[in-house]
Amino acid sequence: MNSRRYVICDIEATGLHEEKEIIEIALITYQDGKITDVYETLINPLKEVSGFIQDLTSISQKQLAEAPKFYEVADAIRMRLEGGVFVSHNTDFDFGLLRKKYIEMGQDIKMKTFCTLKVAHHEIPGLRNYNLDALCGFFGIKIKQRHRAIGDAEATLALFHELFQLRLKNYTKIMYLPHHEKAMKKVSTKSGLLSFKDNKGKTIHLEAAFNMEKRARELLEVKADNRDLLIRTETIEEELTGTPLIAEFKRLMYHAFTPHWVITMMGHKDGEKFFKLLPYKRGAQGLWFFTDYLDAKIKIKELERKLKTEVYLYRDSEKSKEEILKTNLKIEQLARETRFPNENLIIMGEGRSIGEKSFVLVRGGHVFGYGYSLASEAEIEANPESFITRRFFHHLGVDLTTKRYIRELKNMRQKSDGWRSLAEVR
């Protein structure tokens, strides 16, 4: 921070109305990284103060009646302000009210200002609230005496320091809180499960990731859509899994996938097949599963659109066997994306340490389980059941996650030779 002299100010007033008067002021002079002067005083507003303000500030009418009037402390305040930079959380309010009082005395004050409220809006875009409580909570600053001038001024000084550092580092769009930066340095770049914990050690978010450090940094960037995670996260723990697929399995053990809607394949009496959207019942068979009704409607409309443009699904007259066959063929093609490439297969992947391999085994169209081993791929494929670490029994969330992972593998394999192929288990 440069050698300028900054005067951090907070004012408590009779209210926010136009006729508001000062009842307390605190000034903290800050220069060369240290506090050089602290000044605080009550001020007699020469009017009644509402019970609400007295309760909010814990300042009584009797205390104010015995306090000095503004003109009696005006010189002491001016002496501290002159030549400095006025800092407050909402300079329009604090500096505006202070200047108004001097103008009433036939004087004026003019000085450079630094508004922590406005700077926070610029440096940390997207937060829901920018009041002093919210920003101090964001940076982990404790306010010792809220709604007292000295307590709020001390908090504003701490906030000013944080915002000033952001400007020096030019973190206008992306920024990490200091304790998050420290925590992320300990996070591995390998695949695994991230556990974000609050200050009591309670897990508040789980995230499966291909690169845990990269994903942690994405989630802890200062953005509007992750403010809650930013404020609540105190520490990050990791669990190596070898692949993001197994990490997702572990996440599902804590947060099970619970669908509310399902698209299933049904048939008319004449043998023609069709898709139908239905409420999900536990154990029900289906092709596509959804928690959100809107997502389900979008998918069924997409399927209907494909069928309508390519087959004669919506003819009113009776269909020929050829037309029904064409319809059923197209429906089977669309449904194929929801199935495993083979009913029995194994997905090989990296392990948790050097030399170790991971694998996911599919038997009879369902994920049988996963495991780890130092054995060769040939040995694992010859008898995969003997290496199973965790067994599943027709787990819907695990099956759907694995199918999606296989589709991603196929897509990425077209761009990279580094992805292992799927080996069919005999």
Which helices (runs of 4 or more DSSP H) does segment 60-173 wholly contain that include 2 or more residues that are over 16 Å from Ala13 (Cα atoms)? 70-81, 91-104, 116-123, 132-139, 149-169
Among the strands (runs of 3 or more DSSP E) lying completely within segment 337-402, list those that include at least 2 residues that are over 23 Å from Phe257 (Cα atoms) and among the hydroxyl-bearing types (Ser, Thr, Tyr). 366-373
So in segment 261-275, with the set limited to residues that are farther than 10 Å from Leu287 by Cβ and touching a helix residue (DSSP H, G or I) at 6+ places or on another chain (Cβ under 8 Å), which one is modelled with the highest pLDDT? Trp261
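Condition check ((1) surrounded by 15 or more Cβ atoms within 10 Å (Cβ to Cβ); (2) outside the structural domain of Ile109 (by TED's automatic domain parsing); (3) in contact (Cβ under 8 Å) with a residue 12 or more places away in the chain; (4) in contact with a strand residue (DSSP E or B) (Cβ under 6 Å, 6 or more places away or on another chain)) across all residues:
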| residue | (1), (2), (3), (4) |
| --- | --- |
| His17 | no, no, no, no |
| Ile23 | yes, no, yes, yes |
| Lys34 | no, no, no, no |
| Asp37 | no, no, yes, yes |
| Lys47 | no, no, yes, no |
| Gly51 | no, no, no, no |
| Thr57 | yes, no, yes, yes |
| Lys62 | no, no, no, no |
State yes or no: is Gly283 of a type in the set (Gly, Ala, Ser) and surrounded by fewer than 18 Cβ atoms within 10 Å (Cβ to Cβ)? yes
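The values are calculated or read from the model by the stated rules, or taken from the named source; none is laboratory data. Note that the structure is a prediction, hence the values are computed from the model and not measured. A quick note on method: Cβ atoms are made from the backbone with ideal geometry, for glycine too, and the neighbour counts reach across all protein chains shown.
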